[in-house]
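Bear in mind these aren't lab numbers, they're just calculated from the coordinates by the rules spelled out. It should be emphasised that the depicted structure is a prediction, and the values quoted were computed from it without experimental measurement. Counting neighbours? That spans all protein chains shown, and the Cβs are built from the backbone with ideal geometry, glycine included.
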Amino acid sequence: MSVTQKKFNRRKFLSSLGILGIGTAATGAYGKVIGAEALELGEHRILISNVPGQKPLKILQLSDLHASETVSLDFIQRAVNLGLESRPDLICLTGDYITRKYDQWERYADILAPLAAAAPTYATLGNHDGGRWCRQHLDGYNDTEEVRKLLEKSQIKLLDNSVEQVDLRDWKINLAGLGDVWAKEFSPEKTFKNVSATSGRHTVVLSHNPDTKDALKNHPWDLMLCGHTHGGQVRLPLVGAPISPVRDKRFVQGLHRWDNRWIHITKGVGNLYGLRINCRPEVSLLTLV
Ligand SMILES: [Fe+2]
């Protein structure tokens with residue numbers, strides 16, 4: 001088992017921060033949260049185009065919604081509404097729609113449905129959405145059926161180690177969506193088999209876990225959108241983000257230049273264990289220029 005995949009529960013999570021006392025006092029016996037609902041819009045402009053005068057393309061990225069006892073559907077609805085206020089051209093969801101098992105699927109689908117009604121909307125899955133990792137590390141779903149049905153009901157297209165060509169405004173984009181690496185569903189070879197570096201198209205990758213960048217290094221892409229880290233979820237002065245479930249601690253949040261391309265890691269909407277400190281939840285608006 002990788003260090004970053006240890007079985008976690010709320011007490012272990014707080015203990016491993018070394019702030020069990022702070023965490024317990026902060027979250028209280030009833031799961032009160034700090035800043036976990038102080039939603040913000042995170043904005044970045046990303047220079048990708050080499051065509052003079054090309055119109056900007058607005059991508060809304062939502063990730064790690066984590067519908068659960070600590071993240072309500074009302075809060076997720078606020079995130080959807082905030083994202084749609086920016087009038088995106090394209091919407092990308094990068095996994096972890098739930099935390100464990102869930103039972104409010106009908107209402108959840110109603111809340112997500114306005115996304116696809118507003119713009120073409122594509123999704124990939126995360127480690128919490130069911131399958132091997134959930135079986136081994138959580139009391140979660142054995143497979144991803146429930147989340148797949150949720151996306152289907154919401155008219156959201158799942159990219160499951162597959163590519164969709166999306167032509168919007170002046171842009172010709174390959175959207176490449178990968179399966180989750182912790183769930184052992186990650187297949188770059190299958191995903192990229194028909195993606196050419198010389199097609200004249202820009203390739204945007206949706207991959208839940210930013211650690212997957214290294215396995216994708218030899219494939220042609222311009223921008224990768226990730227979640228998974230929740231921005232660290234807890235950021236402490238001098239310490240940084242002690243709980244970041246990634247090997248490469250440089251890639252926990254924000255926009256980064258890497259290997260002559262771009263990687264964006266959103267802090268995400270939801271949380272685990274009802275706690276965020278100095279790490280507000282966000283919906284992300286990425287403007288390609
Ligand atoms: Fe997550």
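Here are some notes:
- Out of 64, 129, 103, 96, sole residue that is away from the ligand (no atom under 16 Å from the Cβ) and not aliphatic (A, V, I, L, M): 103
- Residue in the range 162-179 that is within 16 Å of the ligand (Cβ to nearest atom) and more than 25 Å from residue 58 (Cα to Cα) present: no
- Output for the range 109-121, where each listed residue is crowded, with 23+ Cβ neighbours inside 10 Å and either of a type outside the set (A, V, I, L, M) or within 16 Å of the ligand (Cβ to nearest atom) (or both): 121
- Checked across the range 192-211, the condition of being touching a Cys at 6+ places or on another chain (Cβ under 6 Å) and either among the β-branched types (Val, Ile, Thr) or without any contact (Cβ under 8 Å) to a residue 60 or more places away in the chain (or both) holds for at least one residue.
- Strands (runs of 3 or more DSSP E) enclosed by the range 239-289 - at least 2 residues per element that are within 16 Å of the ligand (Cβ to nearest atom) and in contact with a Lys or Arg (Cβ under 9 Å, 6 or more places away or on another chain): 282-288
- Lone unmet requirement of (1) more than 22 Å from residue 67 (Cα to Cα); (2) away from the ligand (no atom under 16 Å from the Cβ); (3) out of contact with any Pro (no Cβ under 7 Å at 6 or more places or on another chain) for residue 195: (3)
- Scanning the range 118-143 for residues that are under 19 Å from residue 87 (Cα atoms) and either in contact with a helix residue (DSSP H, G or I) (Cβ under 9 Å, 6 or more places away or on another chain) or assigned to a loop (DSSP other than H, G, I, E, B) (or both) yields 118, 119, 120, 121, 123.
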